[in-house]
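Heads up: the structure comes next, in structure tokens.
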Amino acid sequence: DENSMSYSPLTEPSKDETPLERKAREEREKIVAKIQERNHAVAEILQTEESYNDQLSELQTLFMDPIKASWESANPIVTKQDFEAMFSTVPIIFKIVKDHLPDMQDAASPTSEKQIGAVFLKMCPWLKHYAVYINGFDESSQMIQMMRKQHPALNKLFREAVKKSS
């Protein structure tokens with residue numbers, strides 16, 4: 001029967017479309033648009049988190065690890081106390097990102113049953129650490145700038161790390 005044809009949300013309406021069929025097609029189009037919008041938002045969240053993970057990994061590899069390694073030498077780049085003042089919240093933030101990124105990647109997969117909202121709910125207890133990180137960011141940045149002026153080895157490491165950074 002021609003009137004019982006189902007329409008794809010992306011097809012043009014038939015000139016024989018009944019009001020009920022038109023309403024059903026319009027509802028399908030709204031649903032598809034919402035799904036596409038959601039998928040775009042999830043993809044953007046995932047891309048941001050992956051980029052953030054990569055940046056934190058570089059910070060650790062190119063900057064934090066060499067500073068820690070220098071503590072074993074006769075001339076450490078900075079003291080443990082100075083290191084802590086500059087980077088106290090970075091390890092916990094990096095751990096949160098690393099621990100939750102696989103769940104986000106899974107939730108972003110078109111075949112996944114997992115939803116991104118569930119991932120954020122799972123992260124909720126950890127989000128208070130972001131507030132501490134954000135509230136201390138300016139102070140840490142100022143500390144790093146001051147320390148670079150006081151410690152030539154730190155300034156050299158910083159310049160080298162920036163060159164190596166992708």
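Quick notes
- Relative contact order of the chain: 22 percent, from C-alpha pairs under 8 Å at least 6 residues apart in sequence.
- Residues 158, 120, arranged from fewest to most other Cβ atoms within 10 angstrom of their Cβ, appear as 120, 158.
- Crossing angle, helix 152-164 versus the chain [Cα axis fit, 0-90 degrees, rounded to tens]: 30 degrees
- Residue-normalised convex hull volume from the C-alpha trace of segment 13-164: 169 Å³ per residue.
- Of the residues 141, 152, 42, the one whose Cα sits farthest towards the positive end of the charge dipole of the chain is 152 (charges of +1 on Lys and Arg Cβ, -1 on Asp and Glu Cβ, taken about the Cα centre).
- For the chain, size of Cβ-based charge dipole, Lys and Arg +1, Asp and Glu -1, in debye: 900 debye
- Length gained on full extension, residue 115 to residue 95: 5.1 nm, using 0.36 nm per residue less the C-alpha separation.
- Spatially proximal lysines relative to residue 95 (Cα-Cα < 19 Å; intrachain offsets below 8 disregarded): 68, 122, 128
- Summarising the label geometry, the points placed 7 Å from Cα in the beta-carbon direction at residue 123 and residue 48 lie 0.8 nm from one another.
- The C-alpha atoms of the chain define a longest principal axis, and helix 19-59 lies at about 10 degrees to it.
- Inter-label distance, nm, simple model (7 Å from Cα along the C-beta direction), residue 140/residue 31: 4.5 nm
- Relative exposure of 38, 25, judged by other C-beta atoms within 10 Å (fewest first): 38, 25
- For the chain, the longest principal axis of the C-alpha atoms and the axis of helix 128-150 are separated by about 40°.
No value in this document is a laboratory result; all are computed from the given coordinates. Only a predicted model underlies this, so the values are computations on that prediction, with no experimental measurement involved. Counting neighbours? That spans all protein chains shown, and the Cβs are built from the backbone with ideal geometry, glycine included.
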